[in-house]
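The values are calculated or read from the model by the stated rules, or taken from the named source; none is laboratory data. On a predicted model such as this, the values are computed, not experimentally measured, just so you know. Cβ atoms come from the backbone with ideal geometry, glycine included; neighbour counts cover every protein chain shown. Keep in mind that these areas ignore ligands, DNA and RNA; they rest on the heavy atoms of the full protein, side chains included. Shrake-Rupley method; radii C 1.70, N 1.55, O 1.52, S 1.80 Å.
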Amino acid sequence: MREILLVVFIWLHLTATIVWLGGIAFILLVTLPSVRQVLQDKAGGLMGEVTRRFTPMANLSILFLFLSGFSLMAINGNISADLLKGERGTAMLLKILLFLLMAGVHFYRGKVLAPRIAKTQSDGEKVRLQKLSLNLVWLNFGAGLAVLLLSAFVCVK
Ligand code: HEM
């Protein structure tokens, strides 16, 4: 039974990882440059539609990463002070803190920045907020790569 649960939660964990981090990577490195190349100043409309479709998938991935992550910790018997013990514990704690940062950035962009960008009248302010929003996506991309490195470290320790 324990093995079946482990397989199910690792599967959920890995699937949520590729949807969220893979989605961020694809949008930043493929979709955005291509749309800007082809549509130039009309890129905003299509990118708005891409974001509208990706956001619910990212929200679900965040939820599943959180639930499957804590389930894996419970099954592996390390939901306790072990979190602060040794290299493995510290890496797991850092990973969870980075995950919380990434989730915070995701919801700040979606719930605070996006409405502000939509409401603002001044072009200068709109460009500034859009730049901030894009830089936050790059931050999440970097943090996601760091989480993957920490996950690999935890797996071999
Ligand atoms: C962006 C967020 C996250 C990513 C990309 C991520 C990625 C991964 C990956 C790739 C693995 C290796 C799976 C395997 O082959 O065994 C893993 C394992 C694991 N993750 Fe995450 N994870 C994330 C968030 C979390 C969170 C928030 C938690 C805890 C609440 C967590 C807890 C775990 C645990 C316990 C394992 C198994 C480690 C072991 O004992 O081998 N993860 N994660």
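Quick look at the values:
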item	result
When residues of the stretch 59-93 are limited to those that are modelled with pLDDT of 95 or more and more than 9 Å from the ligand (Cβ to nearest atom), the one least open to solvent (accessible area, probe 1.4 Å)	N59
Test: residue in the stretch 105-123 that is part of a helix (DSSP H, G or I), in contact with a Leu (Cβ under 9 Å, 6 or more places away or on another chain) and polar (S, T, N, Q)	no
Any chance R109 is modelled with pLDDT of 95 or more, among the basic types (K, R), under 19 Å from A143 (Cα atoms) and buried (at least 16 other Cβ atoms within 10 Å of the Cβ)	yes
Residue ID - farthest from D123 (Cα to Cα), chosen from residues in the stretch 14-58 that are within 16 Å of the ligand (Cβ to nearest atom) and without any contact (Cβ under 8 Å) to a residue 40 or more places away in the chain	L14
Number of the condition not met by F9 [criteria: (1) surrounded by 13 or more Cβ atoms within 10 Å (Cβ to Cβ); (2) within 23 Å of G104 (Cβ to Cβ); (3) not basic (K, R)]	(2)
